[in-house]
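Quick note: the coordinates plus some simple rules give every number you see, no bench work behind them. Since the model is a prediction, treat every value here as computed from it, not as a measurement. Neighbour counts are summed over all protein chains in view; Cβ atoms, including those assigned to glycine, are modelled from backbone coordinates with ideal geometry.
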Amino acid sequence: MSFVKDFKAFAMKGNVMDLAVAVIIGAAFGAIVSSLVADIITPLLLTPALNAAHLSNIKELKWGNVTYGNFLAAVINFIVIALVIFALIKSIASMQKKKEAVPPAPAGPSSTDQLLIEIRDELRSK
């Protein structure tokens with residue numbers, strides 16, 4: 001039974017639970033970003049180009065016998081997802097800088113320093 005107890009202690013540690021939550025949230029965020037790219041951004045970017053090429057779907061894009069539409073769509077998805085993640089990380093970093101930019105109030109002298117200051121002032125007054 002020691003093995004089960006040790007495993008339970010390991011699984012319930014804060015770091016393991018934080019990692020599990022991060023993976024779940026990351027998967028959900030990935031689905032949101034993928035939907036944003038596939039359903040909104042890519043059609044907005046590609047519709048004029050596809051209309052100019054007289055195509056209805058990027059998968060139909062060919063050059064000779066080579067179909068490169070799926071590859072082009074994957075590259076566009078990667079670039080857009082990378083830009084979205086970059087913008088998100090940049091905005092989080094700027095919020096953290098603003099939070100850290102407030103300088104802490106200067107600490108007063110310690111009790112020992114305060115006592116020494118009082119002794120000094122007393123000696124000066126004599």
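Overview of values
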read-out	value
Count of residues meeting criterion [over 21 Å from residue 78 (Cβ atoms) and in a helix (DSSP H, G or I)] in the stretch 36-57	2
Selected residue (only one of 88, 45, 50 is more than 25 Å from residue 29 (Cα to Cα), surrounded by 10 or more Cβ atoms within 10 Å (Cβ to Cβ) and hydrophobic (A, V, I, L, M, F, W, C))	50
Condition check for residue 70: touching a residue at least 12 places away in the same chain (Cβ under 8 Å), surrounded by fewer than 12 Cβ atoms within 10 Å (Cβ to Cβ) and either over 30 Å from residue 11 (Cα atoms) or not aromatic (Phe, Trp, Tyr) (or both)	yes
Single condition residue 107 does not satisfy, out of (1) in a helix (DSSP H, G or I); (2) exposed (fewer than 10 other Cβ atoms within 10 Å of the Cβ)	(1)
